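Structure first, then comments.
Quick note: the coordinates plus some simple rules give every number you see, no bench work behind them. Being a predicted model, the structure only gives us computed values, none of them experimental. For neighbour counting, all protein chains shown are included, and Cβ atoms are generated from backbone atoms with ideal geometry for every residue, glycine included.
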């Protein structure tokens, strides 16, 4: 009887050990799946094709949520200007249309693409319209605005044309308000500094 009790106790301990070990493995796997940088995300371009942001490793990025009917919409011109100035040095602008603020981006992806091309001659990458704040927020913007993943520059997007500067390793190194012009000395100076880093 005693031997049987010891045997059953041993089995229970072994089962508990297996469960704990399994939980630790799952937890470790979950941690490894968590994005460590902007480069760990996949998004869709303006034509609906998948784009892995890892393709931008080694480049300095300016990530912007955009809109076609906003008081800041003329910043497309400024964005295109800094894109032309720094693109051949390893700089990219990633524009994400969003309709959360004043419903100022009501168009379809094809309408947005047409507007940006004909009105502002945009050549930098445009992506499919996404949600950048509130229910349904895109995982990339969840990462950019969460205190857990981006403590230094976290916080809800306040309006269209909020900008995040990302270094060559995919780390967020600056955040700019909608009113900060992309061609300002403040923004362009920090872009140049990031481009100069090895």
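Based on the alpha-carbon gyration tensor of the stretch 63-164 and its eigenvalue square roots a ≥ b ≥ c, which shape applies: rounded if a/c is under 1.5, prolate if not and a/b is larger than b/c, or oblate? It comes out oblate by the Cα gyration axes.
For the peptides 63-69, 189-195, the ranking by mean Cβ contacts within 10 Å, running from highest to lowest, is 63-69, 189-195. Each of 175, 119 was scored by other Cβ atoms within 10 Å of its Cβ. Arranged with the fewest first, they read 119, 175. In terms of other Cβ atoms within 10 Å, 166, 131 run from fewest to most in the order 131, 166.
Past the 18 angstrom mark, what percentage of all C-alpha to C-alpha distances in the stretch 112-198 do you count? Counting every Cα pair in the stretch 112-198, those more than 18 Å apart make up 55 percent. Take the Cβ atoms of residue 81 and residue 51, set R0 to 30 Å, and the FRET efficiency comes out at 0.80.
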